[in-house]
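Working notes, structure below.
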Amino acid sequence: MKRPRLAVIFAAVLQIAIQIIGAADVMGADDALQPLITTAELTVGQNRFAFGLAKQSKLIERADVLVRVFDLQGTEAHLTAETNAPFRPVANPVAEKKVHRHADGSLHVHDAATEVRGVYVAHLTFTRSGKWGVELVARQPDGSSETARLTVVVRETPTTPAVGSPAPRSRNLIASDVKDLRQISTSERPDPRLHQTRIADAIAMGKPQLIVFATPQFCTSRMCGPVVEIVRTLLPTYGKRMVFTHQEIWQDFATKKVFSTIEEWRLESEPWIFIVDGQGMIRARFEGLVTARELETALQNVLLPDTVPRR
């Protein structure tokens with residue numbers, strides 16, 4: 001049987017993502033707490049589990065959130081872990097209105113009132129593949145609490161390149177390959193600094209790199225967040241120490257054709273950020289919305305001690 005193209009799988013996963021992590025964009029009068037999960041790939045072992053919370057179409061920020069994990073065995077649910085999920089600001093300085101296009105073609109406008117300003121992050125460990133239950137308990141200052149429950153599927157191994165594995169030696173298109181940066185970036189104002197070096201060339205030169213796979217115009221929900229802008233905030237401090245690359249997802253959105261680099265990295269969702277060291281090995285990876293502080297910690301772990309800026 002011929003294996004389906006990854007581009008088709010990617011498009012299908014994005015449609016599912018709209019239904020799951022984009023729930024807040026289509027909420028009606030439902031008063032229930034809505035989880036906006038930005039982590040689609042969970043595997044056996046420890047996982048970064050990032051999510052937002054919303055109610056009546058409004059994002060809930062800085063709540064006291066407890067995450068409870070249940071091992072689902074048949075009709076039984078066994079509590080295996082409890083952990084706090086702190087709210088982490090993404091440090092996005094942009095407040096003007098933004099328009100992005102969902103994968104179904106619809107447009108969505110974000111302004112300062114609805115823009116994502118942070119994400120809840122917990123680190124969860126799963127001991128087996130299969131279905132698990134996750135319960136999110138949001139506690140309010142008055143002592144009341146609300147609960148959201150969901151089922152997640154855990155894979156035995158990751159589909160995307162794992163931490164500790166070699167980064168694909170991709171020859172992604174760069175600024176010198178095109179007449180207009182908009183051919184390789186859907187950012188409102190494409191940044192030339194993110195389109196200067198091929199991934200394979202950076203590895204050949206022994207340079208560490210940060211690679212952000214994202215489609216700013218076609219992100220799947222409000223929780224995809226401004227990841228390219230977040231990456232850009234790190235350029236003044238780290239831009240001379242390592243290579244920063246933005247890889248767009250869709251070569252042709254109308255026909256759902258992705259760039260070849262997306263297939264080489266086996267990505268089934270977006271956005272993704274990978275931190276690669278000077279030997280071409282993946283040292284960290286982040287799916288979905290990520291904070292500048294998380295990225296900076298990962299960058300400092302890759303850079304040599306004498307190149308890390310002093311605070």
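Taking region 256-270 on its own, how many of its residues are modelled with pLDDT of 95 or more and within 15 Å of the chain's Cα centre (by Cα)?
4
Look through region 242-289, keep the residues that are over 22 Å from Leu181 (Cα atoms) and touching an Asp or Glu at 6+ places or on another chain (Cβ under 8 Å), and return whichever of them is surrounded by the fewest Cβ atoms within 10 Å (Cβ to Cβ).
Arg283
Identify all residues within region 137-172 that are of a type in the set (A, V, I, L, M), in a strand (DSSP E or B) and surrounded by 14 or more Cβ atoms within 10 Å (Cβ to Cβ); write none if there are none.
If the condition is that a residue be of a type in the set (A, V, I, L, M), in a strand (DSSP E or B) and surrounded by 14 or more Cβ atoms within 10 Å (Cβ to Cβ), then Val137, Ala138, Ala148, Val152, Val154 are the ones that fit.
If Gly74 meets every condition in (1) modelled with pLDDT under 90; (2) surrounded by 17 or more Cβ atoms within 10 Å (Cβ to Cβ) apart from one, which number is that one?
Of everything listed in (1) modelled with pLDDT under 90; (2) surrounded by 17 or more Cβ atoms within 10 Å (Cβ to Cβ), Gly74 misses just condition (2).
Look through region 114-124, keep the residues that are more than 15 Å from Val153 (Cβ to Cβ) and out of contact with any Pro (no Cβ under 9 Å at 6 or more places or on another chain), and return whichever of them is modelled with the highest pLDDT.
Out of the qualifying residues, it is His123.
Among the residues of region 272-279, are any out of contact with any Leu (no Cβ under 6 Å at 6 or more places or on another chain) and over 18 Å from Arg198 (Cα atoms)?
no
When region 171-214 is examined, which residues are found to be acidic (Asp, Glu) and farther than 18 Å from Glu264 by Cβ?
The initial filter retains those residues of region 171-214 that are acidic (Asp, Glu), namely 177, 180, 188, 191, 201.
Once the filter is applied, which keeps residues that are acidic (Asp, Glu) and farther than 18 Å from Glu264 by Cβ, region 171-214 yields Asp180, Glu188, Asp191.
So which residues in region 125-146 are touching a residue at least 40 places away in the same chain (Cβ under 8 Å) and more than 30 Å from Pro158 (Cβ to Cβ)?
Answer for region 125-146, where residues must be touching a residue at least 40 places away in the same chain (Cβ under 8 Å) and more than 30 Å from Pro158 (Cβ to Cβ): Arg139, Gln140, Glu146.
Any chance region 49-56 includes a residue that's closer than 22 Å to Val290 by Cβ and of a type in the set (S, T, N, Q)? I'd like the intermediate steps shown before the answer.
To start, the set of residues in region 49-56 that are closer than 22 Å to Val290 by Cβ comprises 49-54.
Pick out the ones that are also of a type in the set (S, T, N, Q) and you get none.
No - not one qualifying residue is present in region 49-56.
How many residues does region 52-77 contain that are closer than 25 Å to Ser144 by Cα and in contact with a strand residue (DSSP E or B) (Cβ under 7 Å, 6 or more places away or on another chain)?
Looking only at region 52-77, we keep the residues that are closer than 25 Å to Ser144 by Cα, and these are 52-70, 77.
With the extra rule that they be in contact with a strand residue (DSSP E or B) (Cβ under 7 Å, 6 or more places away or on another chain), the set shrinks to 52-55, 59-70, 77.
Qualifying residue count, region 52-77: 17.
Kindly state which strands (runs of 3 or more DSSP E) lie completely within region 28-87 and contain at least 3 residues that are among the charged types (D, E, K, R).
Once the strands (runs of 3 or more DSSP E) in region 28-87 are filtered for at least 3 residues that are among the charged types (D, E, K, R), what remains is 64-73.
Take Phe218 and tell me if it is among the aromatic types (Phe, Trp, Tyr), modelled with pLDDT of 95 or more and in contact with a strand residue (DSSP E or B) (Cβ under 9 Å, 6 or more places away or on another chain).
No; evaluated as a whole, the condition is false for this residue.
Could you tell me which residue of region 188-210 is farthest from Arg241 (Cα to Cα), considering only residues that are in contact with a helix residue (DSSP H, G or I) (Cβ under 8 Å, 6 or more places away or on another chain) and part of a helix (DSSP H, G or I)?
Once the filter is applied, the top-ranked residue is Pro192.
The values are calculated or read from the model by the stated rules, or taken from the named source; none is laboratory data. For clarity, every value in this text was computed on a predicted model and none was experimentally measured. Note that each Cβ is placed from the backbone with ideal geometry, even for glycine, and that neighbours are counted across all protein chains shown.
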